[in-house]
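A short worksheet on the structure shown next.
Values quoted throughout were computed directly from the atomic coordinates according to the rules given, and no laboratory measurement underlies them. What you see is a predicted model, and the numbers here were worked out from it, not measured in a lab. Backbone-built Cβ (ideal geometry, glycine too); neighbour counts: all protein chains shown.
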Amino acid sequence: MVNSKVNSNTYKLDLDNHNKLKGTVNSDEFEFVIKSEDNNSFSLIKDNAEFDVYVISTDYEKKSIKILVNGLTLDIDIEDEFDDLIKKLGFRDKVINTEKNVTAQMPGLILEVHVKEGESISKGQKLLTLEAMKMENVIKASDDFKIEKICINKGDAVEKNDVLFELK
């Protein structure tokens, strides 16, 4: 069972374990049939009505998706049983960042450092651009913190787990 918030409406969604296109929404049974699908779009049929669905964006960390259904934009946020348990236990807003360093998650070449020592950083802010396997990867802050020391420079080669920044 998951809770989903679509725009401002909340729904309880329970999917069939064997057929993910079948289940219940707020105790009402539903079943979809996929007519066709491409990379980010597909057509669904429900109760003889066809719905053209296009996936605009997804955010797996926040468990949210934005879709376009027959010209109507829907913002969908999902909460599963684990999220519900965290909320019931009161842990949702009590997470404290105890990390003292930001480390490289993969080997690569530092293309750009976007921050300065002493700078206060917000969650989601660009920290650096790293080239790995011929792809540019923008590394962003996972939380709010202050940069105490920058341990790398533009042009440096780094290995996995190398310390990039020391945090305050």
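Taking the Cα centre as origin and putting +1 on Lys and Arg beta-carbons and -1 on Asp and Glu beta-carbons, what dipole magnitude results for region 1-43, to the nearest 20 debye?
Dipole about the Cα centre, nearest 20: 140 debye.
For HIS114, what charge total do you get from the other residues with a beta carbon under 12 Å from its beta carbon, if Lys and Arg give +1 and Asp and Glu give -1?
+2
How far apart, in nm, are two points set 7 Å out from the Cα along the Cα-to-Cβ line at ASN3 and at ILE45?
The answer from the label model is 3.6 nm.
Taking the square root of 5 times each eigenvalue of the Cα gyration tensor, what semi-axes in Å does the equivalent ellipsoid of region 93-168 have, largest first?
Here the semi-axes work out to 21, 13, 11 Å.
Pull out the extension gain between LYS66 and LYS126, defined as 0.36 nm times the separation in residues minus the alpha carbon to alpha carbon distance; nm, one decimal.
Gain on stretching LYS66 to LYS126: 19.3 nm.
In whole Hz, what ³J(HN,Hα) sequence does region 119-136 give by Karplus (6.51, -1.76, 1.60; θ = phi - 60°), x for Gly and Pro?
Each residue of region 119-136 in turn: 6, 7, 10, 9, 3, x, 6, 5, 9, 7, 10, 10, 8, 9, 6, 6, 10, 8 Hz.
Nothing charged except the Cβ atoms of Lys and Arg (+1) and of Asp and Glu (-1): what's the magnitude of the dipole of the chain about its Cα centre? Round to the nearest 20 debye.
520 debye
Please list log₁₀ I(q)/I(0) at q = 0.15, 0.19, 0.24 Å⁻¹ for region 8-120, using the Debye equation with identical point scatterers on the alpha-carbon positions.
Taking Cα atoms of region 8-120 as identical point scatterers yields -0.93, -1.17, -1.56.
On full extension of the chain, what length is gained from LYS160 through SER142, given 0.36 nm per residue of separation minus the C-alpha to C-alpha distance?
This chain segment gains 4.7 nm when fully extended.
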